[in-house]
2 protein chains.
Amino acid sequence: MKTSRIHQLIERLGLLARSESRRIGSEMALQPVHVQALQYLERCNRYSNTPAALVGYLGQTKGTVSQSLKLLAREGYLEKRTDPEDARVVRLHLTPKAHQALRQLPPTETWMHAERTLSPSERKALTAGLESLLKALQAAHGGRTFGICSTCRHFQNGVGEEHRCGLTGEVLTDDDSRRICQEHEERRSA
Amino acid sequence: MKTSRIHQLIERLGLLARSESRRIGSEMALQPVHVQALQYLERCNRYSNTPAALVGYLGQTKGTVSQSLKLLAREGYLEKRTDPEDARVVRLHLTPKAHQALRQLPPTETWMHAERTLSPSERKALTAGLESLLKALQAAHGGRTFGICSTCRHFQNGVGEEHRCGLTGEVLTDDDSRRICQEHEERRSA
DNA sequence: CTGTTGTGGTTTCGTGTCGATACTATAGAT
DNA sequence: ATCTATAGTATCGACACGAAACCACAACAG
């Protein structure tokens, strides 16, 4: 099987992005993976802020994720609260420190510059390609797609602000419907 | 500065690719980075098979790279030979074991499947986008582009098989001209 | 021939990643 | 009441990674 050019490119770019991320994150004692975890937690909805969801999102084992979370909690980036409904599950909440850190560490200038060398249409095609690749990859891998609520097949759009999740039956605010959900499933178009 | 969607997607896909790579590489005691190093060494030319070149290619520090190489040598994936011309530099040579390993560990089936869900034109656009992104990124970062010989601005195409490198003045075979060179520079089109 | 400086590589150290395995505690079903 | 599944933690060992100190050779000055 000849090795895929796309795969190779992504591994390579991923590595470079990773080492940049490590450099700028190191001032705040944040490893690349930690940044990804925090970014996820900032953008996920209230059903999806658990260690288990992160395990699916990051593609690591629960032991590893548990370690990272312990560290992040120790450094004051998040709080763990046990769920009142189910005492087994832990809810993860970002602290103000985390929100602030996230605002400070987006891509480096060299990365942004590199992106700007692409034409708008190239950028668009690239984004689209990456997104569908990710979607396909996740679909194969446990079926979790981690999309935002309003694109889910369980999403029921009501009149005005009245949305609802067909899976849990709960009412969703506008804000909710823009967040990442671990139960997200693609609408079947076929 | 709002964080870039492309950057985010690549970090994410990179992480997933990485964890796949770790899984399939673990049977051979190969870490994701090791695989990238071996792949580079398999495809680079005779000027570029040194630790220093790998430092540039992988974007890591020389200490880290030295560690990885030590490990790879210990496991029998490569041999280090000191250069007869300059006793400071080390030349890295893959063993048969390495070549064989490389043949066995290309992307997983799920990854290839995901790629196949893209249309040919999408794949093409994606590849092109990733490539120019990588090129721009490397250009900013030390100027090393790690392209293949025949696309370099020092490459002089002669009659028949007679190629030559304008930088070193040496004669290049057809095979040489298809390999990665650390001295590679884009042809200036402007 | 002797400094001096620069460069290619290695060593050492500390912190963190990561998977594997074993473990705890709660929920839910029979 | 027991059995089983689920969410999470603890511990261990191998390794990644950057930082800093270090060594050997090369190149060049006088």
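Once a ≥ b ≥ c are taken as the square roots of the eigenvalues of the Cα gyration tensor of the stretch B:65-118, is the result rounded (a/c under 1.5), prolate (a/b larger than b/c) or oblate (a/b not larger than b/c)? If you can, show how the numbers build up before the last one.
Working: a/c = 3.21, a/b = 2.78, b/c = 1.15.
In terms of gyration-tensor shape, prolate.
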- Item | GNM top mover of B:SER177, B:SER19, B:SER48 - chain B, alpha-carbon springs below 10 Å | B:SER19
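Which number gives the lysine pairs in the stretch B:41-182 that have C-alpha atoms under 17 Å apart and are eight or more places apart or on different chains?
On the way: B:LYS62/B:LYS70; B:LYS62/B:LYS80; B:LYS70/B:LYS80; B:LYS70/B:LYS97; B:LYS80/B:LYS97; B:LYS124/B:LYS135.
Close lysine pairs found across the stretch B:41-182: 6.
With loop defined by DSSP as not H, G, I, E or B, and exposure as at most 13 other Cβ atoms within 10 Å, which is the longest segment of chain B clear of exposed GluC sites (Glu not before Pro)? Numbers along the way, then the final one.
Details: sites that count: B:GLU27, B:GLU85, B:GLU161, B:GLU162, B:GLU170.
After excluding every exposed loop site, the longest remaining stretch is B:86-160.
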- Message: Distance in whole Å from the B-onto-A rotation axis to the closest C-beta of chain B, together with the residue it belongs to, please.
- Response: B:GLY14, 1
- By the C-alpha gyration tensor axes a ≥ b ≥ c (rounded if a/c is under 1.5, else prolate when a/b exceeds b/c, else oblate), the shape of the protein assembly as shown is prolate
- Query: What list of ³J(HN,Hα) couplings, whole Hz, do you get for the stretch B:18-31 from phi and the Karplus terms 6.51, -1.76, 1.60, once you set θ to phi - 60° and write x for glycine and proline?
  - Reply: 4, 6, 5, 4, 5, 4, 6, x, 5, 5, 9, 6, 10, 7
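For a quick check of your reading of the filter: which trypsin sites (Lys or Arg not before Pro) in the stretch B:2-55 sit in a DSSP loop and have no more than 16 other Cβ atoms within 10 Å? Intermediate results must be reported in sequence, preceding the final value.
Numbers: sites: B:LYS2, B:ARG5, B:ARG12, B:ARG18, B:ARG22, B:ARG23, B:ARG43, B:ARG46; in loops: B:LYS2, B:ARG46.
For trypsin sites (Lys or Arg not before Pro) across the stretch B:2-55 that sit outside H, G, I, E and B with at most 16 neighbouring Cβ atoms in 10 Å, the list reads B:LYS2, B:ARG46.
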- Query: Counting Lys and Arg as +1 and Asp and Glu as -1, what is the net charge of the other residues whose Cβ lies under 15 Å from the Cβ of B:GLY129?
  - Reply: +3
- Message: List the residues, sorted by chain then number, that are 5 or more residues from A:CYS44 or on another chain and whose placed amide H is less than 5 Å from its amide H.
- Response: A:ILE180
- A correct Karplus calculation of ³J(HN,Hα) over the stretch B:68-81, with 6.51 cos²θ - 1.76 cosθ + 1.60, θ = phi - 60°, whole Hz and x for Gly and Pro, returns 4, 5, 4, 4, 4, 5, 4, 7, x, 8, 8, 10, 9, 10
- Mind listing the long-range amide H neighbours of B:HIS163? Cut-off is under 5 Å, sequence gap 5 or more, other chains count too, H placed in the peptide plane at 1.01 Å from N. B:GLY158, B:LEU172
- Note on the structure: With the full set of protein chains present, the residues of the stretch A:97-112 whose 1.4 Å probe accessible area falls by 30 Å² or more relative to the chain alone are A:PRO106, A:PRO107, A:THR110, A:TRP111, A:MET112
- Between the stretch B:116-133 and the stretch A:99-115, the alpha-carbon center distance in angstrom: 25 Å
- Just for the protein assembly as shown, what percent of DSSP beta bridges are antiparallel, to the closest 5? 90 percent
- With DSSP loop assignment and no more than 16 other C-beta atoms within 10 Å, the trypsin sites (Lys or Arg not before Pro) in the stretch A:57-87 are none
- Task: List the residues whose amide H sits under 5 Å from the amide H of B:VAL89, counting only those 5 or more places along or on another chain, with H placed 1.01 Å from N in the peptide plane.
- Result: B:ASP83
- Message: Treating the point 7 Å from Cα along Cα-beta-carbon as the label, what are the nm separations from B:ARG91 to the other copies, to one decimal?
- Response: 6.5
- With θ set to phi - 60°, apply the Karplus curve 6.51 cos²θ - 1.76 cosθ + 1.60 along the stretch A:59-66 and write out the HN-Hα couplings as whole Hz, x wherever there is a Gly or Pro. x, 10, 7, 5, x, 4, 4, 4
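The values are calculated or read from the model by the stated rules, or taken from the named source; none is laboratory data. Here the structure is a predicted model, which is why all the values come from computation and not from measurement. Note: ideal-geometry Cβ built from the backbone for every residue, glycine included; neighbour counts use all protein chains shown. Note: accessible area is taken over every heavy atom of the protein model, side chains too, but ligands, DNA and RNA are not part of it. Shrake-Rupley method; radii C 1.70, N 1.55, O 1.52, S 1.80 Å.
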